[in-house]
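S.K.: First the structure, then my questions, so here it is.
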Amino acid sequence: MRHVHAYSDDALGELDAVGLADAIRSGRVARTEVVEAAIARTEAVDPDLNGLAYAAFQQARTDAEGAGNAGFFAGVPTFVKDNVDVAGQPSMHGTDAWTPFHAPADSVFTRLFLGTGLISLGKTQLSEFGFSASAEHPRLGPVRNPWDTDYTAGASSSGSGAFVAAGVVPIAHANDGGGSIRIPAACNGLVGLKPSRGRLPLDATLRRMPVGIVANGVLSRSVRDTAAFYREAERAWRNPKLAPVGDVTGPGRQRLRIAVLTRSVQRECSPQIRELTLKSAGRLEELGHRVEHVDEPPVPASFVEDFVLYWGFLAFAQVRGGRRIFGDTFDRARLDSLTLGLDRHTTRNVHRLPRAIMRLRALRRHTARFFRTYDAVLTPTLADETPRIGHLAPIDYQQVITRLIDWVAFTPLHNVTGEPAISLPLAQSADGLPVGMMLSADMGQEALLLELAYELEEAAPWARIQAREMS
């Protein structure tokens, strides 16, 4: 076991993104100092964590030296996940199945993200096309957890999660099609909010999906960083169909009615995770919230099978359209067994896909009724403890898909319904690894979740990786 972090007494120190932005504005530290410190930290820990997909260090230095963007986070270093385009950089989507080529322009989300003043150091690694909940590519290698490098950093936003947790940068881009903001948040002891569908802009290809499961967002170490990002993003781009997030700066006063679930659609979580979830429920009760235990989630059992079939449809589109999307060098033989297995699964069951999509689209009606009774829902983010590297390696399709379904039991529902959900590092396992707890709410209720997150962060500040004893 190895415990890895990059915290030191350099210009970054232990500041979160809001604190660092303030230090830059006040002149206590310079943008160039901060960027150089983040580059040095990246180079120090990446050999152990394997989170870096593409280094854009020289561009970051140039950006730091210039007048730069006057956004709230001006000068704060970050990373962009390697499945959205950044002009002049390759987008390899967690695979090596084609020859890299540079994107001609920023994606619509990249423009918003970097428009807040953040300076990108490059791109972070993910599982192949984001299909697995653990980035363990057979040739690119696994992304490792800084709390213990024998364990996964989660996925698909694993590189971003590992770097934020290890102190390389205070905030980084992540996105979530089945849990990939919340899963690395849970594995790495971070705050991860998957926003409501439509809260942040998406590229045209994602907007055309039959079920819009993908959402962009960020991973951070503090609630205030996540809240500040959504405030700044909303100032630049707002969906008028959703209630505004606004400037959430602390706990709310309203006492909420909160449902607690330790059972997903298909299984009860592990005994340790159940115990930790009930302890978190007890803390909410101590804070004055009305907590009610619910036996079953408000969705039909067909959800799991339907979601896997739809997940496979996304793989089908990448495999069959690879040459058109990625060019003539695309080689499907270099794809991992999970991508190819999902493609085969959908090919065999494509006749069932239309009804599966209809049922998935109807799920929002079930959960909307549930949220007429409850203001929020507490579940564990994941049904079991964080697994070791190798447990979710894409070697045998049937084995890995069974293990993924078992572990990622709670997060995909919100991708289908479009409702917001946030993972908070409220607990630790017996072996000292972070354990995430997830709170979800009705469409457009990110402000409520952020207020609740602030309250929990104040009541029981989460463990810091710098303070963990070496084992």
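The values are calculated or read from the model by the stated rules, or taken from the named source; none is laboratory data. Only a predicted model underlies this, so the values are computations on that prediction, with no experimental measurement involved. Positions of Cβ are generated from backbone atoms using ideal geometry, with glycine treated the same way; all protein chains shown enter the neighbour counts. The accessibility values were calculated without ligands, DNA or RNA, using every heavy atom of the protein model including side chains. Shrake-Rupley method; radii C 1.70, N 1.55, O 1.52, S 1.80 Å.
S.K.: Mind checking which lysines have their C-alpha under 21 Å from residue 194, skipping anything on the same chain fewer than 8 residues away?
M.R.: Within reach: 81, 123, 241.
S.K.: Quote the accessible area belonging to residue 276 in square angstrom, nearest 10, computed with a 1.4 Å probe and with ligands, DNA and RNA left uncounted.
M.R.: Answer for residue 276: close to 20 Å² accessible.
S.K.: Starting with the highest mean, order 403-414, 340-351 by the number of other Cβ atoms within 10 Å, averaged over the residues of each peptide. Mind showing how you got there, number by number?
M.R.: On the way: 403-414: 23.8, 340-351: 17.0.
Result, highest mean first: 403-414, 340-351.
S.K.: Pairs of alpha-carbon atoms within less than 8 angstrom and 6+ residues apart define the contacts here; what relative contact order does region 293-345 have, in percent?
M.R.: 44 percent.
S.K.: So, one more: For region 167-314, just say rounded, prolate or oblate: build the C-alpha gyration tensor, square-root its eigenvalues into a ≥ b ≥ c, call rounded for a/c under 1.5, and beyond that prolate if a/b exceeds b/c, oblate if not.
M.R.: Values: a/c = 1.61, a/b = 1.10, b/c = 1.46.
In terms of gyration-tensor shape, oblate.
S.K.: Only bridges with both residues in region 17-468 count here: give the DSSP antiparallel percent, nearest 5.
M.R.: On the way: 32 of 43 bridges.
Among the beta bridges of region 17-468, antiparallel pairing accounts for roughly 75 percent.
S.K.: Kindly sort 443, 437, 92 by accessible area of their heavy atoms, largest first, with the probe set to 1.4 Å. If you can, show how the numbers build up before the last one.
M.R.: Values: 443 55, 437 0, 92 25 Å².
These residues rank, largest area first, as 443, 92, 437.
S.K.: How much net charge surrounds residue 250 when only the other residues with a Cβ under 12 Å from the Cβ of residue 250 are counted, with Lys and Arg +1 and Asp and Glu -1? If you can, show how the numbers build up before the last one.
M.R.: Details: positive: 224, 253; negative: 247, 451, 455, 457, 458.
For residues surrounding residue 250, the net value is -3.
S.K.: Return the percentage of antiparallel bridges among DSSP beta bridges fully within region 71-189, rounded to the nearest 5 %. Present the calculation step by step, with values, prior to reporting the outcome.
M.R.: Working: 5 of 9 bridges.
If we restrict to bridges inside region 71-189, about 55 percent are antiparallel.
S.K.: Return a whole-number percent for the relative contact order of region 1-151, with Cα pairs under 8 Å and 6 or more residues apart as the contact set.
M.R.: Values: 259 pairs, mean separation 44.4, N = 151.
Contact order relative to length: 29 percent.
S.K.: Whenever you get a sec, compute what percent of the accessible area on the chain sits on carbon and sulfur atoms (1.4 Å probe). All intermediate terms of the calculation are to be shown ahead of the outcome.
M.R.: Numbers: 8820 of 17670 Å².
So the carbon and sulfur contribution to the accessible surface is 50 percent.
S.K.: By how many nm would the segment from residue 429 to residue 391 lengthen if fully extended, with 0.36 nm per residue of separation less the alpha-carbon distance? Walk me through the numbers on the way to the answer.
M.R.: Values: separation 38, 0.36 × 38 = 13.68 nm, distance 1.78 nm.
Fully extending the segment from residue 429 to residue 391 adds 11.9 nm.
S.K.: Please identify the DSSP H helices in the chain that span no less than 24 Å along the helix axis (Cα) and have a mean Kyte-Doolittle hydropathy of 0.5 or more.
M.R.: Numbers: long enough: 31-49 (26 Å, -0.07); 303-320 (25 Å, 0.97); 353-370 (26 Å, -0.36).
Sorted by number, the helices that extend far enough and score high enough are 303-320.
S.K.: Considering only C-alpha atoms, what is the centroid distance from region 277-334 to region 159-182, in Å?
M.R.: Spelled out, the Cα-based centre of one part sits 17 Å from the other.
S.K.: When a/c is below 1.5 the answer is rounded, else prolate if a/b is larger than b/c, else oblate, so apply that to region 362-439 with a ≥ b ≥ c taken from the square roots of the Cα gyration tensor eigenvalues.
M.R.: On the way: a/c = 3.54, a/b = 1.44, b/c = 2.46.
It comes out oblate by the Cα gyration axes.
S.K.: Give me the accessible area per residue for the chain, probe 1.4 Å, as a whole number in Å².
M.R.: On the way: 17670 Å² over 471 residues.
Roughly 38 Å² per residue, with all protein chains present.
S.K.: Would you mind working out the magnitude of the charge dipole of region 226-275 relative to its Cα centre, with +1 at each Lys and Arg C-beta and -1 at each Asp and Glu C-beta, to the nearest 20 Debye?
M.R.: Numbers: 10 positive and 5 negative charges, 46 e Å.
So the dipole magnitude of region 226-275 works out to roughly 220 debye.
S.K.: Using Cα-only point scatterers and the Debye equation, what is log10 of I(q)/I(0) for region 17-468 at each q in 0.06, 0.07, 0.11 Å⁻¹, rounded to two decimals?
M.R.: Treating every Cα as an identical point scatterer, log10 I(q)/I(0) equals -0.22, -0.30, -0.80.
S.K.: Using helices alone, what [θ] at 222 nm do you get for the chain, with -39,500 (n - 2.57) per DSSP H run of 4 or more residues, divided over all residues and rounded to the nearest 500?
M.R.: Details: 16 runs with 180 residues, N = 471.
The per-residue figure over the chain is -11500 deg cm²/dmol.
S.K.: Sorted from largest to smallest, which semi-axis lengths in Å does the alpha carbon gyration tensor of region 314-471 give for its equivalent ellipsoid, taking the root of 5 times each eigenvalue? It would help to have the intermediate numbers written out before the result.
M.R.: Numbers: eigenvalues 223, 123, 40 Å².
They are 33, 25, 14 Å, listed from largest to smallest.
S.K.: Also: Using only alpha carbon pairs under 8 Å that are at least six residues apart, calculate the relative contact order of the chain and give it in whole percent. Could the numbers behind the result be given before it?
M.R.: Working: 1088 pairs, mean separation 83.8, N = 471.
Computed over the chain, the figure is 18 percent.
S.K.: Using mean Cβ contacts within 10 Å as the protection proxy, how do 76-84, 380-388 order, highest first?
M.R.: Working: 76-84: 27.9, 380-388: 22.8.
My ranking of the peptides, most packed first, is 76-84, 380-388.
S.K.: Here is a follow-up. May I ask for the distance between the Cα centers of region 32-69 and region 81-103, given as a whole number of Å?
M.R.: 18
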